[in-house]
Amino acid sequence: MVQQSSLGDGSSVADVLHERYAGRLPAALEDLAGPEHGSVELPLHIVWSGLRTYDLDRPRQRMGFYRTVLAEGQGADIARFLNRDLLLAQWPVMRTMISRHVREAWEAAFPELEHQPSAAA
């Protein structure tokens, strides 16, 4: 059973996580001007161990890249590394692979994400 922990100020852990991810969102999906193809290396503040270079032309690597940036990237990283069209195309699958807090923050800010038809990654 998962409990909703409460912090000393009355906020729940879920509230804090939602605010953390919501604070990193771009103003608009059009601000996502990252690459669509090729090899991309993420900086250490996003990936501190393991795979750091991803080939965006390989669907599994692209999905891992997006999951990592969504979870660990700051606002500037998200705008720099994510691409609007790729995010929209991958969202139906990706939304099942990321944390609830990340998914809810993005879908609350960008309702068009909730209505993306399923597509291959």
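Could you check the range 75-119 and list, in sequence order, the residues that are under 12 Å from Pro26 (Cα atoms) and under 10 Å from the mean Cα position of the chain (by Cα)?
Ile78, Leu82, Ala105, Trp106, listed by residue number.
So, in the range 73-85, how many residues would count as being crowded, with 16+ Cβ neighbours inside 10 Å and not in a strand (DSSP E or B)?
Let us first name the residues in the range 73-85 that are crowded, with 16+ Cβ neighbours inside 10 Å, namely 73, 77-84.
So of that shortlist, the ones also not in a strand (DSSP E or B) come out as 73, 77-82, 84.
Final tally of qualifying residues: 8.
Starting from the range 12-34, take each residue that is touching a residue at least 24 places away in the same chain (Cβ under 8 Å) and list its partners that are polar (S, T, N, Q) and open to solvent by less than 70 Å² (accessible area, probe 1.4 Å), counting only C-beta distances under 9 angstrom and pairs at least six apart or across chains.
If the second residue must be polar (S, T, N, Q) and open to solvent by less than 70 Å² (accessible area, probe 1.4 Å), the pairs left are Ala14/Ser5; Leu17/Ser99; Tyr21/Ser99; Leu32/Asn83; Ala33/Asn83; Gly34/Asn83.
Report every pair of residues separated by at least 6 positions or lying on different chains whose Cβ atoms are under 7 Å apart, first residue within the range 45-61 and touching a residue at least 24 places away in the same chain (Cβ under 8 Å) and closer than 15 Å to Phe81 by Cβ, second in a loop (DSSP other than H, G, I, E, B) and open to solvent by less than 70 Å² (accessible area, probe 1.4 Å).
Between residues of the range 45-61 that are touching a residue at least 24 places away in the same chain (Cβ under 8 Å) and closer than 15 Å to Phe81 by Cβ and residues that are in a loop (DSSP other than H, G, I, E, B) and open to solvent by less than 70 Å² (accessible area, probe 1.4 Å), the close pairs are Ile46/Gly73; Leu56/Pro35; Leu56/Gly38.
Yes/no per residue for (1) among the charged types (D, E, K, R); (2) within 26 Å of His115 (Cβ to Cβ):
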site	(1), (2)
Leu29	no, yes
Ala33	no, yes
Trp48	no, no
Met63	no, yes
Leu70	no, yes
Leu82	no, yes
Asp85	yes, yes
Met94	no, yes
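Identify the residue in the range 28-72 that is at pLDDT 95 or above, farther than 21 Å from Ala108 by Cα and of a type in the set (Phe, Trp, Tyr) and, among all such residues, is least open to solvent (accessible area, probe 1.4 Å).
Only one residue tops the list, namely Phe65.
The values are calculated or read from the model by the stated rules, or taken from the named source; none is laboratory data. Remember, it's a predicted structure, so these values are computed and weren't measured experimentally. Ideal geometry is used to build each Cβ from the backbone, glycine not excepted, and the neighbour counts take in all protein chains shown. Protein only, heavy atoms only, side chains kept; ligands, DNA and RNA dropped before computing areas. Shrake-Rupley method; radii C 1.70, N 1.55, O 1.52, S 1.80 Å.
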